[in-house]
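Working notes, beginning with the structure itself.
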Amino acid sequence: MGKYEDVKARGEEIYERVSGKTINGGDSNKPRMPEPPSQVWSDEMIALYKKWLNDGCPEN
């Protein structure tokens, strides 16, 4: 997903996949992404992405 509009539209789903949590903090039943051999996102990257979502997905 390389387009801003696509990431914004699927923001919560992406969050669940990279964090293993729902946006409300519960456990997600979806497998965590990205799959090996890629590295999973760090806690810092996940927190930054969640902040971006909570801030309304600003473009800059």
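Across the protein chains, with a 1.4 Å probe defining accessible surface, the residues Tyr4, Tyr15 rank Tyr4, Tyr15 from largest area downward.
Taking amide H as placed 1.01 Å from N in the peptide plane, Lys21 has its amide H under 5 Å from the amide H of Ser28, each at least 5 places away in sequence or on another chain.
Shown for the chain: the carbon plus sulfur share of the solvent-accessible area, taken with all protein chains present and a 1.4 angstrom probe, equals 49%. Given a 1.4 Å probe and the protein chains as shown, Asp6 ends up with an accessible area of around 70 Å². Rounded to the nearest 10 degrees, what's the angle between the helix 43-54 long axis and the longest principal axis of the chain, both from Cα atoms, 0 to 90? With both axes taken from Cα atoms, the answer is about 40 degrees. Heavy-atom accessible surface of Arg10, to the nearest 10 Å², is about 100 Å², with a 1.4 Å probe and all protein chains retained. Entry comment: accessible area of the chain is 75 Å² per residue, from protein heavy atoms only and a probe of 1.4 Å. Kirkwood analysis of the Cα pair distances in the chain returns a hydrodynamic radius of 11.9 Å. Annotation for Glu59 and Tyr4: the two label points, set 7 Å from Cα along the Cα-Cβ direction, are 0.4 nm apart.
Helical content of the chain, expressed as a calculated mean residue ellipticity at 222 nm, amounts to -12500 deg cm²/dmol (DSSP H runs of 4 or more residues, -39,500 (n - 2.57) each, divided by residue number, nearest 500). Taking θ as phi - 60° and the Karplus parameters 6.51, -1.76 and 1.60, the scalar couplings of the range 11-16 work out to x, 5, 5, 4, 4, 4 Hz in sequence order, x denoting glycine and proline.
The values are calculated or read from the model by the stated rules, or taken from the named source; none is laboratory data. No experiment lies behind these values; they were computed from the predicted model shown. As a convention, Cβ positions derive from the backbone with ideal geometry for all residues, glycine included, and neighbour counts pool all protein chains shown. Ligands, DNA and RNA are stripped out before the accessible areas are found, and what is left, the full protein with its side chains, is counted by its heavy atoms. Shrake-Rupley method; radii C 1.70, N 1.55, O 1.52, S 1.80 Å.
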